[in-house]
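Worksheet for the structure shown next.
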Amino acid sequence: MLQQTKVDQVVGFYKRFLDHFPNVFDLASASEQEVLKCWQGLGYYSRARNIHRTAKIVSNDLGGVFPGSYDALLDLPGIGDYTASAIASIAFGRCNAVVDGNVYRVLSRFFGIEVPIDTGAGRKYFKELAEELIDESDPANYNQAIMEFGAVQCLPRNPNCTSCPLVSACCAHKHGDVLKLPVKEKKVAVRNRYFLYLVVKTEDGFFIRQRSSNDVWAKMFDFPLVELDSRPIKKEIFNIVSGQLNWPMAIANVVKMNKHILSHQHIYAWFAEVVCSTGFDTSDWINVRDIAQLEQYPFPRLVEKYLECTCFLGNGQVVGG
DNA sequence: AACGCGGGGGC
DNA sequence: GCCCCAGCGTT
């Protein structure tokens, strides 16, 4: 959970997750959908699928016993260099140095290192430096201390240099380079996407569907969707919707959501609430007849926000046509 | 090596 | 509204 995510954002999810899956066998025997549901809202959902796969391996192949070495941990799904080092050192007392975003920041500033951190050579450089620096007598505390120092003192944009115990020895501070470090080479490419959701309502409820596994929010659930090449105008929305649905229908409402921002995509979303009176072929659609059913399906935050702001649900029953 | 994958916070 | 935060798997 702590991969790419701050502690404050994680704690609530962590407690709920352990509440739901108290041990590795409970996690292993749960369904993937159940695990995703517990992860709902935390983001980077491949982490949920990976920890589920790892639980199955530990439970079924390793007799429920976690590996304690860096190499064995590295073989598990979702566990890379950072996580293998963190578990090996913190949980098993092994001497493996962690290099996370905090470590890159602290080391690059303290030693004034301008090697870019987002290249193979940069990662190797910092990993070797961290391995030189680690306190072999207490690797767990050394690792946690340097990460914590980056998280509370040596902050990305507002570092507390005036109260820093290391300021007199800090290379970056000496040269006025604190905010320039660490150096990154690459920019994130941001893509705009335009989602026109069809919220199809009948006397018998409405429909959701599961997303594919090769796009954002893999295997999570949302509504039937038309993706557009550009921002639609109001008149287009009606034409697009009627082109998609060959049934007698009327657009009851179109809910325009705020821009939904992911680190790599800006999603503009419209939810066209469509009222139909007939049944139809909905092979891959799931007919939701009662909002209580929604509790079993994992939704992305965008859909959660739509469900919160809409009032087409009432009295525990779906309001149909 | 390049790319895709969420969501939150600061200003 | 703009900026920042970055581990892992896949290709």
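Can you tell me how the stretch A:1-66 classifies by the Cα gyration tensor, rounded, prolate or oblate, using a/c under 1.5 as the rounded cut? Prolate, since a/c reaches 1.5 and a/b exceeds b/c. Among residues other than A:Arg289 with Cβ under 15 Å from its Cβ, the summed charge is -3 (Lys and Arg +1, Asp and Glu -1).
Distances between placed amide hydrogens fall under 5 Å for A:Val274 paired with A:Val199, A:Val200, A:Lys201, A:Ala252, all partners being 5 or more residues away or on another chain. Counting only residues at least eight positions apart within a chain, or on another chain, the aspartates and glutamates with an alpha carbon under 18 Å from that of A:Lys259 are A:Asp222, A:Glu227, A:Asp229, A:Glu304, A:Glu308. Spacing of the modelled spin labels on A:Asp284 and A:Ser69, each 7 Å from Cα toward Cβ, amounts to 4.4 nm. Of the peptides A:93-106, A:225-238, the ranking by mean beta-carbon count within 10 Å, highest at the top, reads A:93-106, A:225-238.
If you take the Cα centroid of the stretch A:214-255 and the Cα centroid of the stretch A:80-109, the two points sit 45 Å apart.
Packing order of peptides A:208-221, A:176-189, highest average first: A:208-221, A:176-189 (average count of other Cβ atoms within 10 Å over each peptide's residues). Between the alpha-carbon centers of the stretch A:1-73 and the stretch A:152-212, tell me the distance in whole angstrom. Computed from Cα coordinates, the inter-centre distance equals 23 Å.
Let me know the shape class of the stretch A:198-270, please: from the alpha-carbon gyration tensor, a ≥ b ≥ c as square roots of the eigenvalues, rounded when a/c is under 1.5, otherwise prolate if a/b is greater than b/c, or oblate. Taking the square roots of the gyration eigenvalues as a ≥ b ≥ c, the stretch A:198-270 is oblate.
Between 0 and 90 degrees, rounded to the nearest ten: what's the tilt of helix A:120-133 against the longest Cα principal axis of chain A? Between helix and principal axis, roughly 50 degrees. Among the listed pairs A:Lys6/A:Lys174; A:Lys6/A:Lys56; A:Lys124/A:Lys187, give every one whose C-alpha distance is greater than 25 Å. Correct reply: A:Lys6/A:Lys174; A:Lys6/A:Lys56. For chain A, the relative contact order is 16 percent, taking Cα pairs closer than 8 Å that sit 6 or more residues apart in sequence and dividing their mean separation by the residue count. Based on the alpha-carbon gyration tensor of chain A and its eigenvalue square roots a ≥ b ≥ c, which shape applies: rounded if a/c is under 1.5, prolate if not and a/b is larger than b/c, or oblate? Prolate. The charge dipole of chain A, taken about its Cα centre with unit charges on the Cβ of Lys, Arg, Asp and Glu (plus for the first two, minus for the last two), comes to roughly 1060 debye. Legend: residue pairs A:Lys256/A:Lys305; A:Lys201/A:Lys256; A:Lys184/A:Lys219; A:Lys127/A:Lys184, Cα-Cα distance threshold 21 Å; pairs beyond threshold, A:Lys184/A:Lys219.
Every number here is computed from the coordinates shown, using simple stated rules; none is lab data. It should be emphasised that the depicted structure is a prediction, and the values quoted were computed from it without experimental measurement. All Cβ positions, even for glycine, are placed from backbone atoms using ideal geometry, and neighbour counts span all protein chains on display.
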